[in-house]
Amino acid sequence: MTTADTPPVVAPALIPTLGGRWYVEERIFASEQERIFEQMWFCAVRSSDLADAGRFKKVQVGRESVLIVRGRDGQLRAFLNICRHRGAMLCTEDEGQVRRNLRCPYHAWTYGLDGKLVAAPNMAALKDERGADIDRVAYGLVPVALREWLGYAWVCLADDPPSFEDSVMGAVTERLGSPTAIDGYEIDTLRVGRRVVYDVAANWKLIVENFMECYHCATIHPELTEVLPEFADGLAAQVFVGHGAEFGPAISGFTIDGSAGFDRLPGVSPDQDRRYYAITIKPTVFVNLVPDHIIFHRMFPMSADRTIVECDWLYTPDVVAEGRDVSRSVELFHRVNEQDFEACERTQPAMSSRAYRDGGVLVPAEHHISEFHEWLHDCIGDER
Ligand code: FES
Ligand code: FE
């Protein structure tokens, strides 16, 4: 009961952000590499980018170079991109295709697509010092855990990876309010209609924080707020469990001019129709669901002040195979991306200013971002 002597507890309107050095110090970025990117599930490649046996892609995960390769049995596997002989980087190209084997360019040790050592020059019988056959697995490439979900390969460098179900799938369930709500979009069956790679001169956390709030929407996203009028209120629809922002009454599709898009994805339910859902899967993935396509962001933090963002626009195989015009739907979120990344780049230099030494503040519509900050503290310790 509230009496005149005990005033009601009022939540503060403004709560502090992280201090600026969280976004600039190499020491903190190194901690994030070790304790976040090398410990959690990291979304590495679209599985269909490695459609054929022998296709490989090299991905930087934290401080490690990871090789993802399609085997002759059709399986995707991930390995540390390091030769077991004397440690040369095995594949130096970012991506490519081999016929049967991966061959080290230094002394030509050769590995199968399953990672086993298959040949080493002048060691025809491959015997160890006791004359026994060399264990081709023990001297094979070091495997990295890999899971495929939503049509992407996710890798984890941890010795004991966290539960994929709890961490990755759990983030989607937490946002949509149901473990099956994403299934109808059948994201694994969709095809990449467009990919744009953005090289953003900003810390990865600024990009996450920006994605988590919509306080900026009315200011910098005129096209998006036209399609989703409730975003003009500055409330982040992505905060409320199960809520998708509704298209405006005059809007036909999620396109740059609100004109009609494509047919609704077959499994999307009527209550998901004409709605936009944004999902953050920490640390580096954003998934945007609309009725006729998916916009899927993967971040690759390169340094404290540089992040590569790969954004895929995914459509039904028919739309892509028939060469239908995706430009109006691509243009909407491409513009949103450019507006967001420009804002992040404008913020990055201020992170090393004395004006931001103690950070800034979160207004009520941004308060949920403090959960992200608490999570960072839990991951890498108290760096305040
Ligand atoms: Fe690879 Fe020698 S370092 S074969
Ligand atoms: Fe935005």
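Please treat every number below as a calculation from the coordinates, not as lab data. Only a predicted model underlies this, so the values are computations on that prediction, with no experimental measurement involved. Reconstructed Cβ throughout: ideal geometry from the backbone, glycine too, with neighbour counts over all protein chains shown.
Table for the structure above
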{"read-out": "Point-to-point label distance, ARG324-GLU174, nm (Cα→Cβ direction, 7 Å offset)", "value": "3.5"}
{"read-out": "Long-range amide H partners of VAL61 with built H, under 5 Å", "value": "VAL66"}
{"read-out": "Translational diffusion of the chain, µm² s⁻¹ [Kirkwood Rh, Cα pairs; Stokes-Einstein; 20 °C; 1.002 mPa s]", "value": "94"}
{"read-out": "Simple Cβ-charge dipole of the chain, Lys/Arg +1 and Asp/Glu -1, about Cα centre, in debye nearest 20", "value": "1680"}
{"read-out": "Base-10 log of normalised Debye intensity for the range 169-221 (one unit scatterer per alpha-carbon) at q = 0.17, 0.24, 0.26, 0.32 Å⁻¹", "value": "-0.94, -1.03, -1.00, -1.07"}
{"read-out": "Alpha-carbon centroid distance for the pair the range 155-224 / the range 348-384, whole angstrom", "value": "20"}
{"read-out": "Residue-by-residue Karplus 3J(HN,Hα) for the range 203-220, coefficients 6.51, -1.76, 1.60, Hz, glycine and proline x", "value": "5, 4, 6, 5, 5, 5, 4, 4, 5, 6, 10, 10, 4, 8, 4, 5, 7, 10"}
{"read-out": "The chain: relative contact order as a whole-number percent, Cα under 8 Å and 6+ apart", "value": "20"}
{"read-out": "Which of PRO270, ALA181, ALA232, positive extreme of dipole for the range 179-306 (C-beta unit charges)", "value": "ALA181"}
{"read-out": "Amide proton proximity set for VAL144, modelled H, under 5 Å, gap of 5+", "value": "ALA78, PHE79, LEU80"}
{"read-out": "GluC sites (Glu not before Pro) within the range 266-364: DSSP coil, no more than 16 neighbouring Cβ in 10 Å", "value": "GLU322"}
{"read-out": "Of the trypsin sites (Lys or Arg not before Pro) in the range 270-321, those whose Cβ has at most 14 other Cβ within 10 Å and which sit in DSSP loop", "value": "none"}
{"read-out": "P(r) weight above 19 Å for the range 95-225, C-alpha pairs, percent", "value": "73"}
{"read-out": "Cysteines without a disulfide-compatible partner [the chain; Cβ-Cβ under 4.7 Å]", "value": "CYS43, CYS91, CYS156, CYS311, CYS344, CYS379"}
{"read-out": "Vicinal HN-Hα couplings computed from phi for the range 245-258 (Karplus, 6.51 cos²θ - 1.76 cosθ + 1.60; Hz; Gly/Pro x)", "value": "5, 8, 5, x, x, 8, 8, 8, x, 7, 9, 4, 10, x"}
{"read-out": "Cα pair distances of the range 14-76 binned at 10 Å [whole percent]", "value": "19, 33, 25, 15, 7, 1"}
{"read-out": "Potential lengthening between ARG306 and VAL361 on full extension [0.36 nm per residue; Cα-Cα distance subtracted]", "value": "17.5 nm"}
{"read-out": "Top positive-direction residue, dipole computed over the range 255-384 with Cβ charges, set VAL287, VAL336, TYR315", "value": "VAL336"}
{"read-out": "Net dipole in debye of the range 232-381 [+1 Lys, Arg Cβ; -1 Asp, Glu Cβ; about Cα centre; nearest 20]", "value": "280"}
{"read-out": "Cα centroid separation - the range 285-347 against the range 71-117, whole Å", "value": "31"}
{"read-out": "Contact order relative to length of the range 37-181, as percent, for alpha carbon pairs under 8 angstrom and 6 or more apart", "value": "26"}
{"read-out": "Residue among MET123, ALA138, ALA78 farthest towards the positive dipole end of the range 68-164, charges placed on Cβ", "value": "MET123"}
{"read-out": "Chain lengthening between ASP159 and GLN97 when straightened (0.36 nm per residue, less Cα-Cα)", "value": "19.4 nm"}
